[in-house]
Amino acid sequence: MAGRKQLCIWQSIFFEPVLVSPYEEDGKVNVYVVSDRPIDEKASLQVRLMDFAGKVLWSKKIDHKVKALSSEIALSISKDELAGAYYDPEKTFVSAKLVNEKGEVLSSNDLYFKRPKDLKYSKSTIQTDLTKQGDHYVLKITSSVLAPRVGVTFGDEHVWLSDNYIDVLPNEPLSISIKSQATLDQLKNTLKIKSLDQL
């Protein structure tokens, strides 16, 4: 269409070979681990029940063997067990993270007990630090409280993002890799950050 600007931001879309996903099913929180890798891998699974301010109400960490070409429930937690933490479903979430023996995060995902419109988010204040590292840029994002579905844009600059629309957990910095022909100053001047709690 004449006169219409073309969207010039692309987010990388790729298939993760290992995926951890918590689901609420039949009065339980089941944490699934799916692997498309052809070999087994030793890992640790950390599951936390947290409030939006970052307080850990319940946690569990187990060793887990990620089996090749598999899909299985790695951990099943009864809602009765979580109820002992006296959590508020409108102000809490479950965070699951799978880490290999080298300390590398294979996958992480979060579970919310209510729909976004029914959650009582704390108002987040997001800090960013954009730096150039070799042939790419790194954007470090930090928030003192949960910042849900953080979206990163750079106006009309052509960029490649390693991730976008992500949850930034309280006081747990998260980094996004960026590739662009734009200069560091151009990216800093066009950078905009928005999270779901700010809409």
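The values are calculated or read from the model by the stated rules, or taken from the named source; none is laboratory data. Computed from a prediction, not measured in an experiment: that's the story for all the values here. Please note: Cβ atoms are built from the backbone with ideal geometry, for glycine as well, and neighbour counts cover all protein chains shown. These area figures cover heavy atoms from the full protein model, side chains too; ligands, DNA and RNA do not enter into them. Shrake-Rupley method; radii C 1.70, N 1.55, O 1.52, S 1.80 Å.
Things to note:
- For residue 123: the one exception among (1) open to solvent by 80 Å² or more (accessible area, probe 1.4 Å); (2) assigned to a strand (DSSP E or B): (2)
- Qualifying residue in the stretch 38-45 (condition: more than 30 Å from residue 173 (Cβ to Cβ), open to solvent by 80 Å² or more (accessible area, probe 1.4 Å) and modelled with pLDDT under 95): no
- Selection of the stretch 181-199 for residues being aliphatic (A, V, I, L, M) and either over 20 Å from the mean Cα position of the chain (by Cα) or not in a strand (DSSP E or B) (or both) yields 182, 184, 187, 191, 196, 199.
- Filtered residue count, the stretch 148-177, keeping only those that are in contact with a helix residue (DSSP H, G or I) (Cβ under 7 Å, 6 or more places away or on another chain), under 30 Å from residue 94 (Cα atoms) and open to solvent by less than 20 Å² (accessible area, probe 1.4 Å): 1
- Residue 28 being surrounded by 12 or more Cβ atoms within 10 Å (Cβ to Cβ), of a type outside the set (A, V, I, L, M, F, W, C) and over 23 Å from residue 165 (Cα atoms): yes
- Boolean, residue 90 is without any contact (Cβ under 8 Å) to a residue 24 or more places away in the chain and among the acidic types (Asp, Glu): no
- Residue 59 in a strand (DSSP E or B), loosely packed, with under 13 Cβ neighbours inside 10 Å and under 19 Å from the mean Cα position of the chain (by Cα): yes
- Qualifying residue in the stretch 77-88 (condition: assigned to a strand (DSSP E or B) and either of a type in the set (A, V, I, L, M) or open to solvent by less than 30 Å² (accessible area, probe 1.4 Å) (or both)): yes
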